[in-house]
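The values are calculated or read from the model by the stated rules, or taken from the named source; none is laboratory data. It should be emphasised that the depicted structure is a prediction, and the values quoted were computed from it without experimental measurement. All Cβ positions, even for glycine, are placed from backbone atoms using ideal geometry, and neighbour counts span all protein chains on display. To get the accessible areas, we keep the full protein, side chains included, count just its heavy atoms, and leave off ligands, DNA and RNA. Shrake-Rupley method; radii C 1.70, N 1.55, O 1.52, S 1.80 Å.
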Amino acid sequence: MDFSLTEERRMLADSLRGTLKRGADWSQLAELGVLGALFTEDEGGFGGGGFDIAVVFEELGRAGSTAPILDAGLAGGLLADCCETALVERVIDGTTRPAFAHDEPGNRYDATVRSRASGDTINGAKSMVVSAEVANLLVVSAQDQDGLSLFAVEPGAKGVSLRTVPALSGGQVSEITFDNAPARRIGPSTGAARLIEYRLAAATLALCADALGTMETVKEMTLDYLRTRKQFGRPIGSFQALQHRMADLVIEIEQARSAVINLAGHLGAQPEQRALHVSATKNIVGRTAHLVAEESIQLHGGIAMTESYALGPLARRLIAVDHRFGDEDWHMERFIALRTAS
Amino acid sequence: MDLSYSAEDIAFRDEVRRFLRDKLPPELAQKVRSHTLLSKDNFERWHAILNERGWLAGNWPKAFGGAEWNAVQRHIFEEECALADAPRIIPFGLHMLGPVLMKFGTKAQQDHYLPRILDGTDWWCQGYSEPEAGSDLASLRTTAVRDGDHYVVNGQKTWTTLGQYANKIFCLVRTDSNVKPQAGISFLLIDMDTPGVEIRPIVLIDGTHEVNEVFLTDVRVPVENLVGEENQGWTIAKYLLTHERTNIAGVGFATAGLAALKRIARAERAGGRPLAENPHFAARIARVEMDLMAMATTNLRVIAAAAAGAAPGVESSMLKIKGTQIRQAINDLTRRAVGPWAMAFPSEAVEGTNLSHPGPDYAGPAAPVYLNYRKISIYGGSNEIQRGIIAKTMLGL
């Protein structure tokens with residue numbers, strides 16, 4: 001049993017932390033190998049395992065980065081599954097920045113794909129597509145004669161329209177409509193659902209690790225405030241009522257860390273085993289992120305309600321965790337269903 | 001034990017309902033329902049409608065132009081207004097300064113200021129908290145130094161709600177630094193257009209501008225603007241707090257919020273069915289509804305005691321905690337109910353633009369309102385301060 005990171009992963013985490021602190025742009029992140037770490041050697045990268053993903057995203061979350069790495073990794077992973085070798089190479093070096101357009105309006109957390117493709121065109125609507133606005137390639141799910149399939153679509157092409165607003169998590173989110181938009185079918189004629197399942201599991205791990213990093217930063221900020229803010233002539237962190245709440249928070253964050261480790265360690269497991277861990281981890285991290293957001297605001301007091309204080313965007317980022325890839329209840333129901341079936 | 005209202009109370013409730021049906025402008029109710037921040041004009045219009053009916057100052061004695069309602073009537077009025085999505089009454093003049101002037105003000109102050117609160121000439125805001133004096137209000141540092149017929153005021157106030165609409169501010173200021181903190185505070189009325197008063201917006205994490213900072217630099221305030229005696233400010237502040245805490249449970253707001261939540265849960269679909277029929281979500285709603293039913297009765301127990309002449313006391317701390325927990329739980333469920341739509345956050349805080357939310361009408365406010373209402377367990381004496389009051393005053397710990 002060994003819960004320590006490999007030397008390579010620790011080095012990546014350290015250099016990523018340093019680079020993010022200095023304020024890295026997209027090409028610097030790509031140069032550092034952030035994207036390469038999300039792909040296996042066979043795919044052209046140097047990582048791709050659960051712990052590679054966890055390490056990268058914990059640092060991105062810790063820094064509050066809104067660089068669209070998760071979306072590039074998710075869509076890029078599907079490109080790799082579809083043997084789009086040249087594109088994957090460009091994703092890894094940062095020149096192609098893809099996003100995956102999958103969820104559709106009114107579906108809540110169930111991904112029922114109604115978009116349709118025939119020949120070289122696609123029609124349909126996609127909802128809450130994170131980072132689509134900054135993507136230069138869309139990987140789109142749609143039904144065609146073979147069932148659920150994947151397509152590459154240029155976001156600037158005729159027939160593609162984006163309606164983009166800021167996202168609760170930071171960054172941007174778009175509603176996309178395809179009206180006879182040009183599309184290129186990618187990948188095998190069957191099995192797209194299986195590919196999507198795995199890549200969404202990996203993306204859920206990425207989101208949970210990101211949340212964990214964010215929670216670590218929020219914990220440090222809150223601790224710092226408890227130590228320095230004085231009321232009634234003493235630091236507010238000297239009040240036992242606040243000490244106990246902070247102690248409870250730390251316990252829950254450690255639980256969330258273990259949940260992330262569980263999922264990272266089972267990302268390559270059989271689909272049912274993997275799904276069980278996806279749901280357990282997402283449920284726990286969703287709950288914990290919510291708790292940490294609310295408690296950190298309350299422990300700070302009024303200052304945390306202001307946009308000019310740095311906690312606000314991080315609290316929103318934590319609240320947003322539960323609104324992507326299935327919320328607490330959705331994953332609890334899925335966990336129960338999986339446990340009942342096995 | 002009788003849980004029902006008297007026939008008189010029911011007649012009053014029906015009268016309030018008729019009034020709201022006839023006089024509440026639908027466009028104002030729509031703004032309240034959609035959580036749009038009301039303009040100054042909106043608030044003033046609603047105040048004027050209430051004032052015309054003699055219901056603007058429900059808690060004031062008739063001698064001062066109020067309705068002189070008892071605690072049960074006030075509760076009925078507040079609850080019916082919340083259920084009808086009426087704009088809230090701005091409390092600073094009506095519920096805070098008004099009662100203070102009646103108790104501590106001079107005849108001249110009463111004659112001058114009270115009618116101006118009723119007719120809308122003055123919009124008051126509250127200068128209590130400071131950056132270093134939040135929960136520990138008595139440590140406030142804004143000073144007022146006597147100079148002939150004036151006080152010269154220097155310092156900074158914060159969390160000044162709707163100060164951007166106000167022309168007057170009532171402030172707690174330090175007039176004696178050589179005594180224990182509570183004994184050196186005075187209560188001063190200041191014109192916002194006096195030279196040296198500067199107001200700056202504070203944007204909250206939901207993107208709204210409700211609160212402000214007020215900077216006071218060599219502000220000359222006539223001595224006749226002192227309320228009560230010099231250094232009597234803490235007593236006045238405590239008296240004011242007992243009035244601030246009317247309607248602290250927010251039963252009407254919670255009831256309206258719960259109804260809105262249920263509408264959303266019926267409109268959203270999860271797994272091919274309305275979200276309201278999802279057993280987990282239904283259980284979450286049921287739990288908060290049961291809590292609200294019990295709290296409504298706790299609230300009425302306190303109100304009945306007050307109507308029978310009991311002084312408001314530690315019960316308000318209990319109601320504040322339970323009331324904020326329930327309202328925050330409802331806002332939390334509303335955010336959950338809109339599902340992935342909460343990801344879209346077209347907030348001015350983030351973008352400085354005025355983009356609209358792409359989802360259904362009910363989806364846009366869910367996350368911002370959830371975030372905004374994290375404030376209610378912080379302001380007006382945080383819930384931790386309230387627990388301290390319960391432990392000390394009620395339990396003798």
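Set side by side, the residues A:ALA315, A:ALA304, A:ALA259 differ, and just one is facing another protein chain (nearest Cβ under 9 Å), part of a helix (DSSP H, G or I) and either touching a residue at least 40 places away in the same chain (Cβ under 8 Å) or surrounded by fewer than 21 Cβ atoms within 10 Å (Cβ to Cβ) (or both), which is A:ALA315. Scanning segment A:225-245 for residues that are of a type in the set (Ser, Thr, Tyr) and open to solvent by less than 70 Å² (accessible area, probe 1.4 Å) yields A:TYR225, A:SER238.
Across segment B:159-181, the number of residues qualifying as open to solvent by 10 Å² or more (accessible area, probe 1.4 Å) and within 29 Å of B:ARG374 (Cα to Cα) comes to 7.
From the list B:GLN126, B:GLN110, the lone residue that is touching a Lys or Arg at 6+ places or on another chain (Cβ under 9 Å), open to solvent by 10 Å² or more (accessible area, probe 1.4 Å) and not acidic (Asp, Glu) is B:GLN126. Between A:GLY36, A:GLY106, the distinction of being within 25 Å of A:PHE325 (Cβ to Cβ) and assigned by TED's automatic domain parsing to the domain that holds A:VAL129 belongs to A:GLY106 only. State whether the residues of segment A:28-40 include one that is aromatic (Phe, Trp, Tyr) and either open to solvent by 10 Å² or more (accessible area, probe 1.4 Å) or modelled with pLDDT under 90 (or both). No, every residue in segment A:28-40 fails to be aromatic (Phe, Trp, Tyr) and either open to solvent by 10 Å² or more (accessible area, probe 1.4 Å) or modelled with pLDDT under 90 (or both). Selection of segment B:131-141 for residues being surrounded by fewer than 22 Cβ atoms within 10 Å (Cβ to Cβ) and in contact (Cβ under 8 Å) with a residue 24 or more places away in the chain yields B:PRO131, B:SER135, B:LEU137, B:ALA138, B:SER139, B:ARG141.
Residue-wise test of (1) under 29 Å from B:ALA306 (Cα atoms); (2) of a type in the set (Lys, Arg); (3) part of a helix (DSSP H, G or I).
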site: B:LEU28; (1), (2), (3): no, no, yes
site: B:ASN42; (1), (2), (3): no, no, yes
site: B:HIS47; (1), (2), (3): yes, no, yes
site: B:GLU52; (1), (2), (3): yes, no, yes
site: B:TRP55; (1), (2), (3): yes, no, no
site: B:TRP69; (1), (2), (3): yes, no, no
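In segment A:56-65, the count of residues that are part of a helix (DSSP H, G or I) and among the aromatic types (Phe, Trp, Tyr) is one or more. Scan segment B:338-397 for residues that are assigned to a helix (DSSP H, G or I), more than 7 Å from chain A (Cβ to nearest Cβ) and free of Cβ contacts under 8 Å to residues at least 12 places away in the same chain and the total you get is 3. When B:ILE303 is tested against (1) modelled with pLDDT under 90; (2) surrounded by 18 or more Cβ atoms within 10 Å (Cβ to Cβ); (3) over 23 Å from the mean Cα position of the chain (by Cα), exactly one condition is not met: (3). Here segment B:310-327 is the region considered, the condition is being within 14 Å of chain A (Cβ to nearest Cβ) and surrounded by fewer than 22 Cβ atoms within 10 Å (Cβ to Cβ), and the residue that is farthest from A:GLY170 (Cα to Cα) is B:ILE321. Among the numbered conditions (1) modelled with pLDDT of 95 or more; (2) of a type in the set (Val, Ile, Thr); (3) under 26 Å from the mean Cα position of the chain (by Cα), the only one that B:THR242 does not meet is (1). Scanning segment B:142-158 for residues that are of a type in the set (A, V, I, L, M) and surrounded by fewer than 22 Cβ atoms within 10 Å (Cβ to Cβ) turns up B:VAL145, B:VAL152.
Of all the criteria given as (1) within 12 Å of chain B (Cβ to nearest Cβ); (2) of a type in the set (A, V, I, L, M); (3) under 22 Å from the mean Cα position of the chain (by Cα), the one not satisfied by A:ALA241 is (3).
Before we move on, is B:ASP193 more than 30 Å from A:LEU318 (Cα to Cα) and assigned by TED's automatic domain parsing to the domain that holds B:ARG141? Judged against the criteria, B:ASP193 is a match. The residue list A:ALA203, A:ALA269 contains one member that is within 20 Å of A:PHE3 (Cα to Cα) and open to solvent by less than 40 Å² (accessible area, probe 1.4 Å), which is A:ALA269.
Against the conditions (1) free of Cβ contacts under 8 Å to residues at least 12 places away in the same chain; (2) part of a helix (DSSP H, G or I); (3) more than 12 Å from chain A (Cβ to nearest Cβ), B:ALA283 satisfies every one except (3). B:LEU292 meets the stated requirement of being aliphatic (A, V, I, L, M) and crowded, with 19+ Cβ neighbours inside 10 Å. Would it be correct to say that A:ALA167 is within 30 Å of A:GLU254 (Cα to Cα), at pLDDT 95 or above, of a type in the set (Gly, Ala, Ser) and in contact with a Phe, Trp or Tyr (Cβ under 7 Å, 6 or more places away or on another chain)? Yes, satisfied.
Regarding segment A:217-224, can at least one residue be identified that is part of a loop (DSSP other than H, G, I, E, B), more than 14 Å from A:LEU137 (Cα to Cα) and either open to solvent by 30 Å² or more (accessible area, probe 1.4 Å) or touching a Gly at 6+ places or on another chain (Cβ under 7 Å) (or both)? No, that holds for no residue.
For segment A:211-219, the count of residues that are under 19 Å from the mean Cα position of the chain (by Cα) and polar (S, T, N, Q) is nonzero. Taken over segment A:74-110, the criterion of being farther than 22 Å from A:GLY156 by Cβ and within 14 Å of the chain's Cα centre (by Cα) is satisfied by A:GLY77 alone. Scanning segment A:86-114 for residues that are charged (D, E, K, R), over 20 Å from A:PRO182 (Cα atoms) and open to solvent by less than 30 Å² (accessible area, probe 1.4 Å) yields a single hit, A:ARG108. Tallying residues that are facing another protein chain (nearest Cβ under 7 Å) and in contact (Cβ under 8 Å) with a residue 12 or more places away in the chain within segment A:320-331 yields 4.
Checking the stated criteria, A:ASP248 turns out not to satisfy the condition of being out of contact with any helix residue (DSSP H, G or I) (no Cβ under 9 Å at 6 or more places or on another chain), in a helix (DSSP H, G or I) and open to solvent by 60 Å² or more (accessible area, probe 1.4 Å).
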